[in-house]
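Notes to accompany the following structure.
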2 protein chains.
Amino acid sequence: MNIEEKFATLGVDNAPGQESLRKDHSLDLRGPALDGIAVDFSHGDVDAHKPTPGSLGLFTEGVLLTGAGQAYTPYRGKSSILESLAPRLSGFTGAAIDPYSELILTPGTQGALFLAVGANIMPGDKVAIAEPDYFANRKMVEFFHGEMIPIPLVWQTQRDKAGLDLAALEKAFQAGARLFLFSNPNNPTGCIYSADEIRSIAALAAAYGATLIVDQLYCRQIYDGRKYTHLCAESERPDNLITIMGPSKTESLSGYRLGAAFGTAAVIDRMEKLQAIMALRCGGYNQAVFECWFNEPEEWLAARTEAHRQIRDDLMAVIDSVDGVSARPTEGGSYLFVTLPELDVSLHEFIRIARAHAAVTVTPGTEFGPQFHHQFRINFSQDHDAAVDAMRRLFRLMELYRK
Amino acid sequence: MNIEEKFATLGVDNAPGQESLRKDHSLDLRGPALDGIAVDFSHGDVDAHKPTPGSLGLFTEGVLLTGAGQAYTPYRGKSSILESLAPRLSGFTGAAIDPYSELILTPGTQGALFLAVGANIMPGDKVAIAEPDYFANRKMVEFFHGEMIPIPLVWQTQRDKAGLDLAALEKAFQAGARLFLFSNPNNPTGCIYSADEIRSIAALAAAYGATLIVDQLYCRQIYDGRKYTHLCAESERPDNLITIMGPSKTESLSGYRLGAAFGTAAVIDRMEKLQAIMALRCGGYNQAVFECWFNEPEEWLAARTEAHRQIRDDLMAVIDSVDGVSARPTEGGSYLFVTLPELDVSLHEFIRIARAHAAVTVTPGTEFGPQFHHQFRINFSQDHDAAVDAMRRLFRLMELYRK
């Protein structure tokens with residue numbers, strides 16, 4: 001394999017946010033264009049759900065008051081911010097976190113994931129990945145020359161657990177996988193792993209000496225009083241465990257590129273070494289914004305979660321009203337993974353048509369696993385009315401393509 | 001090799017900016033502590049030389065006025081910023097740059113370097129690296145499982161060229177290297193490649209089908225009316241060429257983590273794919289700050305360069321006054337690579353002593369090549385008087401350790 005062949009598999013053409021760069025070929029447009037407010041469901045809308053109050057002020061203070069001491073920090077992050085953030089993350093998750101040895105600040109949670117994976121894979125290593133799961137996971141494994149073992153997540157029919165195939169996970173460990181990477185809440189389905197599932201994953205990893213990377217990006221935004229289990233706080237855990245969080249989603253701070261990873265000191269050390277050659281550090285001034293994370297005004301999180309629950313419910317009502325269309329109601333986060341009936345155009349073709357003819361952008365299921373030809377993902381952190389109307393438009397258009 | 005062994009070689013303990021995390025063992029301190037303003041020469045001081053006027057205002061506008069359109073951008077950067085920046089980079093370098101296919105915005109120039117190297121190395125590939133050169137270069141090659149071929153830079157005695165061993169470069173290409181990565185002005189020596197050298201490098205790379213990555217981070221800050229040759233504007237160039245620049249140094253915008261790479265479209269495409277899984281993008285809000293780059297107030301660059309020339313001259317006077325100490329006067333950028341006489345403690349030990357006993361932080365030469373046991377690098381973008389006094393303290397202390 002040469003470098004061109006290696007990168008040929010790492011496509012970004014269908015990735016969220018890249019749609020504007022596509023050179024669309026001629027599309028099979030049917031019926032009149034459906035007018036309405038354009039909605040880009042490929043990511044959240046931080047105009048509709050604003051960044052955490054005070055975030056820009058913290059950035060500005062960092063530039064003007066702290067100055068050079070904020071611009072340059074150790075690679076793992078500014079010590080005073082690590083000291084301040086670690087107890088807040090501990091308080092939320094229930095895990096003990098030493099600020100100096102067990103925590104690193106990164107350019108977004110994507111940066112944290114890349115560092116965690118890059119610090120744990122050698123070429124040829126087998127890596128277990130849930131399927132469906134965050135699209136970058138598989139790409140990172142490919143980039144680092146790992147060998148992916150997909151672990152099915154049978155999410156559709158479950159309600160009290162995510163539906164991970166634990167037997168398949170054990171089989172992957174038996175086959176030599178020493179790393180398992182998964183998101184909880186799951187991206188793209190929005191389902192939450194049960195306490196039993198989390199304990200089983202932890203026990204299996206411990207038994208086989210495997211490393212776990214748990215992407216908890218959306219773990220603050222849980223609906224309907226559901227219980228969320230932090231693997232990092234379980235008494236039985238593997239020796240090597242990295243938990244990843246960040247304020248890009250619920251907190252709408254994605255534009256600042258802030259992420260955090262905490263866990264096993266030896267792994268955090270390796271992640272810092274990689275960060276030193278990757279991007280040096282999480283943006284120095286940007287780090288100042290961490291101070292508002294887990295420090296939001298009283299009731300802020302409850303109000304944000306409630307606003308998103310309302311959008312979820314009203315989108316689910318739209319979804320449930322269409323014959324042959326289904327989705328598991330989101331349990332945590334802002335994603336819905338919607339299953340479509342058979343169409344007479346391909347999924348990718350229909351998604352391009354929806355963008356061109358109904359001003360609705362969604363992400364194809366194939367980004368989350370090659371077999372998801374009948375699914376698309378939406379991030380419903382959008383203006384409520386615009387989102388509901390956009391989903392209605394999409395399904396109205398879909399009727400013209402139903403087989 | 002396992003993952004622990006791989007990372008064991010990627011040390012960051014002696015890297016610039018990491019000094020505050022060191023757990024120093026007991027040091028052989030001699031004489032009284034030398035008082036003075038602490039100076040950290042490991043990087044520039046953005047309090048002494050302020051960020052470009054208007055930079056914070058652009059960031060704030062990006063957050064408040066552009067909002068969601070600034071927070072999320074395509075992975076390679078916001079289209080309007082690419083469109084605006086490309087002609088300015090073309091105007092400066094003389095190279096044609098298509099904004100849509102030949103330019104990518106990155107989290108700092110470190111991010112650009114990592115993407116460029118990661119998009120051009122497969123495990124086992126031979127890579128030519130100048131020595132001395134930027135410390136991360138060798139680490140990136142190791143991280144990506146490349147095999148480094150050092151190309152000596154005989155900088156000490158030259159004045160009209162950098163002193164790259166072109167015969168060694170051709171030999172490396174003959175031995176199979178298909179990538180050469182170098183900085184111009186050179187980091188750490190501050191010397192500039194002559195037009196002849198640049199043309200020879202370009203011709204050799206073209207002849208052997210090699211890819212060039214040229215790190216031009218400090219190319220706006222050239223002293224004494226010297227001619228700087230942009231390889232990207234030469235008529236004879238290799239097919240695969242990436243040029244890297246950014247406003248972190250001369251412009252003191254490091255805290256925003258901004259970098260840019262331009263060149264061969266196919267390589268930029270691969271870099272974007274890697275950026276998509278590395279950190280998604282250069283921080284969205286941060287990208288707004290690019291608007292002040294190559295858009296500075298009239299005379300701003302001249303004044304900044306002149307201030308640094310003055311510091312260079314006054315530091316060179318200190319260096320020249322000490323027996324057995326030498327440095328090649330900086331031709332571009334803010335680095336001096338200072339050669340010390342034999343001491344009766346190791347270089348690393350002396351550097352720790354200088355930090356503890358004279359409040360002066362410098363970077364050991366061994367970060368730039370394993371053989372540089374008698375050198376240290378300073379970034380003299382500091383307060384003028386504090387810098388001159390700090391260098392005097394360092395050499396006064398050094399006398400107590402001279403062999």
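The values are calculated or read from the model by the stated rules, or taken from the named source; none is laboratory data. Keep in mind that what you see is a predicted model, and the values were worked out from it rather than measured. Every residue, glycine as well, gets a Cβ built from its backbone with ideal geometry; the counts of neighbours run over all protein chains shown. Ligands, DNA and RNA are stripped out before the accessible areas are found, and what is left, the full protein with its side chains, is counted by its heavy atoms. Shrake-Rupley method; radii C 1.70, N 1.55, O 1.52, S 1.80 Å.
When the residues B:Glu83, B:Glu296, A:Glu19 are ordered by accessible surface, computed with a 1.4 Å probe over the protein chains alone, the sequence from largest down reads B:Glu83, B:Glu296, A:Glu19. Taking every alpha-carbon pair under 8 Å whose residues sit at least 6 apart, region B:55-292 reaches a relative contact order of 30 percent.
Go through region B:330-403 and name the GluC sites (Glu not before Pro) that are in a DSSP coil and have 13 or fewer other Cβ atoms within 10 Å of their Cβ.
Numbers: sites: B:Glu331, B:Glu342, B:Glu349, B:Glu367, B:Glu399; in loops: B:Glu331, B:Glu342.
Answer by residue number: B:Glu342.
With θ taken as phi - 60° and the Karplus curve 6.51 cos²θ - 1.76 cosθ + 1.60 applied, the whole-hertz 3J(HN,Hα) list for region B:331-346 is 9, x, x, 10, 10, 10, 10, 9, 9, 9, x, 4, 10, 9, 10, 6 Hz, x standing for glycine and proline. Largest accessible area first, the listed residues B:Ser55, B:Ser90 line up as B:Ser90, B:Ser55 when surface is computed with a 1.4 Å probe on the assembled protein chains. Rg ratio for the protein assembly as shown: its Cα radius of gyration over 2.2 N^0.38 Å, N being its residue count, equals 0.96. Close amide H pairs (under 5 Å, H built 1.01 Å from N) link A:Glu131 with A:Ile151, A:Leu153, residues at least 5 positions away or on another chain. Taking every residue in A:38-48 and counting other chain Cβ atoms within 10 Å of its Cβ, the average works out to 3.
Using only side-chain charges placed at the Cβ, +1 for Lys and Arg and -1 for Asp and Glu, the dipole size of region A:55-292 relative to its Cα centre rounds to 280 debye. Per residue, the convex hull spanned by the Cα atoms of region A:265-403 amounts to 180 cubic angstrom. Under a 5 Å amide H cut-off, with hydrogens placed 1.01 Å from N, B:Leu179 pairs with B:Ala128, B:Thr211 among residues at least 5 apart or on other chains. For region B:1-156, the relative contact order is 15 percent, taking Cα pairs closer than 8 Å that sit 6 or more residues apart in sequence and dividing their mean separation by the residue count. With the convex hull drawn around the C-alpha atoms of region A:29-137, the volume per residue stands at 235 Å³. Sequence-ordered 3J(HN,Hα) estimates for region B:44-58 from the Karplus curve with 6.51, -1.76 and 1.60 and θ = phi - 60° stand at x, 9, 7, 7, 6, 10, 5, x, 3, x, x, 5, 5, x, 5 Hz, glycine and proline given as x. Each other copy places its own label point for B:Val345 at 7.3 nm from this one, sorted shortest first, where the point lies 7 Å along the Cα-to-beta carbon line. Projecting the Cα atoms of B:Tyr72, B:Val39, A:Ala195 onto the charge dipole of the protein assembly as shown, computed from C-beta unit charges around the Cα centre, puts A:Ala195 farthest toward the positive end.
Any idea what the dipole of region B:272-384 comes to, in debye rounded to 20, about its Cα centre with Lys/Arg Cβ at +1 and Asp/Glu Cβ at -1? Don't skip to the end; give the middle numbers.
Details: 9 positive and 16 negative charges, 99 e Å.
Dipole about the Cα centre, nearest 20: 480 debye.
Give the calculated FRET efficiency between A:Ser326 and A:Gln371 to the nearest 0.05, with a Förster radius of 22 Å applied to their Cβ-Cβ distance. Walk me through the numbers on the way to the answer.
Values: r = 17 Å, r/R0 = 0.75.
Efficiency at R0 = 22 Å is approximately 0.85.
Ranking B:Val345, A:Gly62, B:Pro51 by Cα position along the charge dipole of the protein assembly as shown, where only Lys, Arg, Asp and Glu carry charges on their C-beta atoms, puts B:Val345 farthest toward the positive end. Within the same chain, lysines fewer than 8 places from A:Lys78 are excluded, and of the rest, those with a Cα less than 16 Å from its Cα are A:Lys273. Taking Cα atoms only, the orientation of helix A:108-118 departs from the longest principal axis of chain A by about 70 degrees. Chain B packed on chain A takes about 5800 Å² of accessible surface away from a 1.4 Å probe, both sides summed.
With label points defined 7 Å past Cα in the direction of Cβ, position A:Gly69 shows copy-to-copy spacings of 3.9 nm, given to one decimal and shortest first. Around the Cα centre of the protein assembly as shown, unit charges on the Cβ atoms of Lys, Arg, Asp and Glu (plus for the first two, minus for the last two) sum to a dipole of about 540 debye.
Once the Cα gyration tensor of region A:55-292 is found, what semi-axes does its equivalent ellipsoid get, as square roots of 5 times the eigenvalues, in whole Å, sorted largest first?
On the way: eigenvalues 178, 77, 48 Å².
Each semi-axis is √(5λ); the values are 30, 20, 15 Å.
Note on chain A: Rg/Rh from C-alpha atoms, Kirkwood Rh, equals 0.96.
Compared with the dominant Cα axis of chain A, that is its longest principal axis, helix A:300-320 is turned about 30°. Here the contact order of chain B, divided by its residue count and restricted to Cα pairs under 8 Å and six or more residues apart, works out to 25 percent. Helix A:347-358 and the longest principal axis of the C-alpha atoms of chain A enclose an angle of approximately 70°.
Evaluate peptide B:100-113: per residue, the Cβ atoms of other protein chains within 10 Å of its Cβ; return the mean as an integer. Kindly include the intermediate steps, with their values, before the conclusion.
Working: counts 1, 0, 0, 0, 0, 0, 1, 11, 7, 2, 7, 6, 1, 3.
Counting other chains' Cβ atoms within 10 Å and averaging over B:100-113 gives 3.
Phi angles across region B:208-214 convert, under the Karplus curve 6.51 cos²θ - 1.76 cosθ + 1.60 with θ = phi - 60°, into 3J(HN,Hα) values of 9, x, 8, 8, 10, 10, 10 Hz, Gly and Pro given as x.
Centre-to-centre separation between the Cα atoms of region B:65-98 and those of region A:1-75: 15 Å.
In Å², and per residue, what accessible area does region B:55-292 have when probed at 1.4 Å with the other protein chains present? Please list the in-between numbers first.
Numbers: 6480 Å² over 238 residues.
For region B:55-292, the per-residue accessible area is 27 Å².
Classify region B:189-323 as rounded, prolate or oblate from the Cα gyration tensor: take a ≥ b ≥ c as the square roots of its eigenvalues, call it rounded if a/c is under 1.5, otherwise prolate when a/b beats b/c and oblate if not. In terms of gyration-tensor shape, oblate.
In the assembly of identical copies, A:Glu306 has its label point, taken 7 Å from Cα in the direction of the beta carbon, separated from the corresponding points by 6.2 nm (ascending, one decimal). Placing one equal scatterer on every Cα of region B:8-70 and applying the Debye formula, the log10 ratio I(q)/I(0) at q = 0.22, 0.27 Å⁻¹ is -1.04, -1.18.
Rounded to the nearest 500, the helix-only mean residue ellipticity at 222 nm of the protein assembly as shown stands at -10500 deg cm²/dmol, with each DSSP H run of n ≥ 4 adding -39,500 (n - 2.57). Measure out, as a whole number of angstrom, how far apart the alpha-carbon centroids of region B:116-187 and region A:160-180 sit. Taking the Cα centre of region A:160-180 as reference, the centre of region B:116-187 is 43 Å away. Between amide H atoms placed 1.01 Å from N, distances below 5 Å from A:Leu217 occur with A:Asn184, all of them 5 or more places distant or on a separate chain. Considering only B:Ala205, B:Gln310, A:Ala358, the residue lying farthest towards the positive end of the dipole of the protein assembly as shown is B:Ala205, judged by Cα position with unit charges set on Cβ.
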